[in-house]
Amino acid sequence: MKKCLILFFLISILAIPGVSLGEDGLVVIIHPSNPMQTINKSKLAAFYRGEEIYWPNGERIVLVNLSLNSEAREMFYRKVLKTSPATKYFIKGTMAPIRTIVQKSEAAVKLFVSNMPQAIGYILEKEVDDSVKVLMIDGGKNIP
């Protein structure tokens, strides 16, 4: 009986939308040569909303996104932008959308960022290697 209750509890938790026992931490990555070490969530959101388009050194920021159906993209938009992954942002005063480079996989995001010094992207922490640098966000490594 006790085993049945435990099994029922675990199945119930897994059935709740948005709850995943295996959810990995999401991290923000940049090129290793980028001198930036930390960023806060509001500045990161400003990058992806197109409110800030230049790095402190004056280089144009290259935004990298995962494809629309990616779970990591859904998590990023929910946690950072507080919106749906399908939301589009527009250049202020125009009908032109903010342009992002869309990659089909986290490996592709990592490869792109590792080859583009102006790029910023996000991937699951388990995908990180020394080809990219992880930014500290609000005092931690993972997006809170």
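The values are calculated or read from the model by the stated rules, or taken from the named source; none is laboratory data. Every value quoted in this text rests on a predicted model; they were computed, and no experiment measured them. No Cβ is skipped: glycine too gets one built from the backbone with ideal geometry, and neighbour counts run over all protein chains shown.
Per-structure values
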read-out	value
Qualifying helices (runs of 4 or more DSSP H) (wholly inside the stretch 17-122; at least 1 residues being acidic (Asp, Glu) and touching a His at 6+ places or on another chain (Cβ under 9 Å))	none
Residue identified as over 18 Å from Leu135 (Cα atoms) and either at pLDDT below 95 or over 12 Å from the mean Cα position of the chain (by Cα) (or both) among Lys43, Lys88	Lys88
Residues that are in contact (Cβ under 8 Å) with a residue 12 or more places away in the chain and over 12 Å from Tyr122 (Cα atoms), drawn from the stretch 52-66	Trp55, Pro56, Asn57, Glu59, Arg60, Ile61, Val62
Criterion: of a type outside the set (S, T, N, Q) and touching a Ser or Thr at 6+ places or on another chain (Cβ under 8 Å) - qualifying residue of Leu135, Leu124	Leu135
Selection count, the stretch 125-144, where residues are assigned to a strand (DSSP E or B) and surrounded by 18 or more Cβ atoms within 10 Å (Cβ to Cβ)	2
Residues within the stretch 91-119 that are free of Cβ contacts under 8 Å to residues at least 12 places away in the same chain and either under 13 Å from the mean Cα position of the chain (by Cα) or more than 20 Å from Ser33 (Cα to Cα) (or both), tallied	5
